[in-house]
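One structure below.
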Amino acid sequence: MSVKIIIVGPAASGKTTLAERMRKNGLSVAKLATSRPKRNEQDNEYKFVSRQEISHCQMRVEYNGWLYAINYMEFLASEVFIVGPEMLRQIRNQEPETPLVVIYLDIPESIRYERLIQREMPGDTAIARIGRDRTDFQGFTDYTIRITDPNF
């Protein structure tokens, strides 16, 4: 059984940047499915599907009104995943024998805020995202490696 690398962190902490570095070094990065619309034409981090298509996935969460899910075949085929704390809990519960290395990007809020205000986020705001992340990551300790340097 191969090790899965799980990247966890609040919005604008650098999760996609880290995953891209891993992809460039030959690791396969999973594309989660989501019911949210694309932010722009360059938004290709996810598979954009209907809520109905996601409803059959065992590992799924709802965040800000949108569903996010990992297809089981994608889970088996991929090495790197970008998920939140709730999806991490589901992975641990449904795949308890799978060895995980969890990388937590715990980047300061002030830096994340500056990054967030540069993003297109229809129906959302930087302040709202940071508030939800505070709740989601309060007391979060389920990691192997914690990165606090925004220039990692």
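The values are calculated or read from the model by the stated rules, or taken from the named source; none is laboratory data. Because the structure is predicted, anything quoted here is derived from the model rather than measured. No Cβ is skipped: glycine too gets one built from the backbone with ideal geometry, and neighbour counts run over all protein chains shown. When the accessible area is computed, the model is the full protein with side chains, heavy atoms only, and any ligands, DNA or RNA have been set aside. Shrake-Rupley method; radii C 1.70, N 1.55, O 1.52, S 1.80 Å.
Worth pointing out:
- In plain terms, the chain from Asn44 to Phe137 could stretch by 31.0 nm, reckoned as 0.36 nm per residue minus the Cα-Cα distance.
- Using a probe of 1.4 Å on the protein chains alone, the accessible area found for Val29 is around 20 Å².
- Helix content alone sets the calculated 222 nm mean residue ellipticity of the chain: runs of n ≥ 4 DSSP H residues at -39500 (n - 2.57) each, divided across all residues, give -9000 deg cm²/dmol.
- Net charge over other residues, Cβ less than 15 angstrom from the Cβ of Lys47 (K, R count +1; D, E count -1): +2
- Fraction of the pair-distance distribution of the chain above 27 Å, Cα-Cα pairs, percent: 18
- Using a Förster distance of 30 Å, the FRET efficiency for Arg115-Ser55 (Cβ separation, nearest 0.05): 0.40
- Given charges at Cβ of Lys, Arg, Asp, Glu: region 1-111 dipole, positive-most of Ser35, Ser2, Ile107: Ser35
- Extension gain for the segment Asp106 to Glu20, taken as residue separation times 0.36 nm less the Cα-Cα distance, is 29.2 nm to one decimal.
- Most to least packed among 59-68, 138-147 [average Cβ atoms within 10 Å]: 59-68, 138-147
- What the Cα convex hull of region 1-78 gives, in volume per residue, is 108 Å³.
- Of all DSSP beta bridges confined to region 33-152, the antiparallel ones make up roughly 60%.
- Qualifying aspartates and glutamates (Cα of each under 17 Å from Cα of Lys4; at least 8 residues distant if same chain): Glu20, Glu74, Glu79, Glu86, Glu95, Glu97, Asp142
- Cα-derived Rg to Rh of region 40-103, Kirkwood definition: 0.95
- Computed over the Cα atoms of region 101-152, pair by distinct pair, the Kirkwood hydrodynamic radius stands at 12.2 angstrom.
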